[in-house]
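**Student:** Structure incoming, see below.
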Amino acid sequence: MAGTAATEVEIRALIEAVDQADQAGNRAEAERALDRARAAAPDHPGVLNAAGMRALVAGDAAAARPLLERAAQLDPASPYLWVNVALAQRELRDETAERDALEKALAADPRYFPALLHKARLFERQGKLKAAAFMYQAFLACLPRDVQPPRSVQPAIQHANEVLRENDRALEAFLQPRLEPLRARYAGERLERFDACLQVMLGKRPLFRPEPTFMLFPRLPAIEFIDREHYPWLDAFDAATPEMRAEAQAVLEESAQDFVPYISKPAGSPVDQWRELNNSKRWSTYFLLKNGKRLEDHLARCPKIAALLDAAPLCKIPAHAPTAFFSVLAPKTRIPAHTGVTNTRFIVHLPLIVPPSCGFRVGAETRAWRERLFASRHEPASRPLPAPYAQLDGMLRAVFPGGMFGGGGGMALNQLLVQMDGIDEPPFMRKFFTNRINTFLDALYVVPQKIGSVRLRLPKPRPRKEEVYFIGATNVPITALEAVTVTVSVTVLLVLVASTCSTRLAVSYSAI
């Protein structure tokens, strides 16, 4: 056994010497190492593979094929040996034998991504574009997730994505004329779920799943925007929007000193994306209800909102809920993408005053604020307004039991990935040209980054100057959700946006 092991070690060392000599460009030394290896183990799979691949690289596929086939037959469980056989068959233009070798590689390891890649390329050469797209998708799915792909693989990844996009476009062109008469037949039906399914299939919509930070309740549907009709009690908030706006503005003007940081994680806790906002008044709060306790002096300043909260079907849990508060974002402050504490609640947004180009994203879906309605789905992310516009947001929000960050508030806008778009964003074209010019200068390698303290690159574009304010929320039970009866808590979000140039009253509901 010891002699066999030593012989194997020696053989592998000789094979490695062949590779090293080839990489160094020393072909004579590579030949000598290969001769020693073939003399020591003429029927060793590794030695045969090394000899065959040297012949293939040298352009002699006919000489390489029998060597590579013999290597794969001696070690059929090694998929890379069958892939090398397929490469020789490709050079010899024997597509049947090439596919057979690739099938044997995948039989040895169905997730061996080089074999999937070469099979996709074979189908593409044969004009079998649907089959090629399927294999390219399998190739991308089987790439190692935790390892950066080598640079040599990057072009293949890029090409695979291009083929998939082209396949999606062809599928859409095929389906669209066939779906039009069906849509006309069911013009009165709600087709949001079907459209979402179609967009996922066409690669236009990413798929998000609930990833709450505190508790996931299994088997609840993951819905970005649910139906307004489930919440008739919101009509009272709808009718009271002018009074709520006035109360929010009064509190912001008269009680700024009573606001406290919204993000307040204790020392030693992971702050993650909240590093810039932790313990900062750039995002601050003014509580009306806190963990089920009423702050009477604060409620007294907002009698209309207090009356609405009293009349709403609140979910009351001692020491936990409800919580309602005003919150304020300072200028140039952005809410980072985040998930909520649980998937057992939805957040309802009610915009009060909305200048143009405001919106946000929930999961895979972006909606723009409009007067008394949301625009159609999947509109572009919103952009801030030009200076000297200012934005004032208000929300009424409640906390699911457990809270977050020790601040008594359920910070998440919802249980899916959420990002407030258009906050603290420089104009797109300004970012585009700045990045392109700086990248060009970097690529020249002759223009330094800076000389002394003088930078020789365009500065990072700054966002426009806007302010965004928010008001807090309430918890209520849901008794109807797509034929599923579940008691969950709902957060009502009242968004207040004000412009110094114009004001527009808008009321919309989106249960998230």
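The values are calculated or read from the model by the stated rules, or taken from the named source; none is laboratory data. Since we're looking at a predicted model, the values are computed, not measured. When we count neighbours, we look across all protein chains shown, and the Cβ atoms used for this are built from the backbone with ideal geometry, even at glycine. In case anyone asks, the SASA skips ligands and DNA or RNA and just uses the protein heavy atoms, side chains included. Shrake-Rupley method; radii C 1.70, N 1.55, O 1.52, S 1.80 Å.
**Student:** Could you give the length gained by full extension between residue 216 and residue 154, i.e. 0.36 nm per residue of separation minus their alpha carbon distance, to one decimal place?
**Tutor:** 18.6 nm
**Student:** With every protein chain in place, what's the accessible area of residue 82 (1.4 Å probe, Å², nearest 10)?
**Tutor:** Roughly 30 Å² of residue 82 is accessible to a 1.4 Å probe.
**Student:** Sticking with this one: Report, in listed order, any pair from 332/460; 265/332; 104/204 with a Cα-Cα distance greater than 25 Å.
**Tutor:** In this structure, 104/204 lie more than 25 Å apart at Cα.
**Student:** Something else: Whole number please: convex hull volume per residue, Cα atoms of region 259-303, in Å³.
**Tutor:** 92
**Student:** Going highest first, how would you order 242-252, 182-192 by mean Cβ packing within 10 Å?
**Tutor:** 242-252, 182-192
**Student:** Between residue 184 and residue 141, what is 0.36 nm times their sequence separation minus the Cα-Cα distance? Round to one decimal in nm.
**Tutor:** Stretched out fully, the residue 184 to residue 141 stretch lengthens by 11.8 nm.
**Student:** Expressed in nm to one decimal, what extension gain is obtained for the pair residue 304 and residue 7 from 0.36 nm per residue of sequence separation less their Cα-Cα distance?
**Tutor:** Length difference between fully extended and current span is 98.1 nm.
**Student:** Three principal axis extents, largest first, for the C-alpha atoms of region 238-321, in Å?
**Tutor:** 43, 32, 24
**Student:** Quote the charge dipole size of region 240-329 about the Cα centre in Debye, to the nearest 20; the model charges only the Cβ of Lys and Arg (+1) and of Asp and Glu (-1).
**Tutor:** 280
**Student:** May I pose another question? Suppose R0 equals 41 Å. What FRET efficiency, 1/(1 + (r/R0)^6) with r the Cβ-Cβ distance, do residue 39 and residue 100 give to the nearest 0.05?
**Tutor:** Result of the calculation: an efficiency of 0.80.
**Student:** Please work out the FRET efficiency for the pair residue 257 and residue 319, using the Cβ-Cβ distance as r and a Förster radius of 35 Å; give the result to the nearest 0.05.
**Tutor:** It comes out at approximately 0.85.
**Student:** Leaving out ligands, DNA and RNA but keeping every protein chain, what accessible area does residue 208 have, in Å² rounded to the nearest 10, with a 1.4 Å probe?
**Tutor:** 60
**Student:** When only the heavy atoms of the protein chains count and the probe is 1.4 Å, how do 264, 255 rank by accessible area, highest first?
**Tutor:** Solvent-accessible surface, decreasing: 264, 255.
**Student:** Using a Debye calculation, one point per C-alpha and no hydration shell, please list log10 I(q)/I(0) for region 13-133 at q = 0.10, 0.17 Å⁻¹ in order.
**Tutor:** Values returned for q = 0.10, 0.17 Å⁻¹ are -0.32, -0.83.
**Student:** How far apart, in nanometres, would the label points at residue 246 and residue 294 be if each is projected 7 angstrom from Cα along the Cα-to-Cβ direction?
**Tutor:** 2.3
**Student:** Next up: Using 1/(1 + (r/R0)^6) with R0 = 60 angstrom and r between the beta carbons of residue 75 and residue 330, what's the FRET efficiency to the nearest 0.05?
**Tutor:** So the FRET efficiency works out to roughly 0.35.
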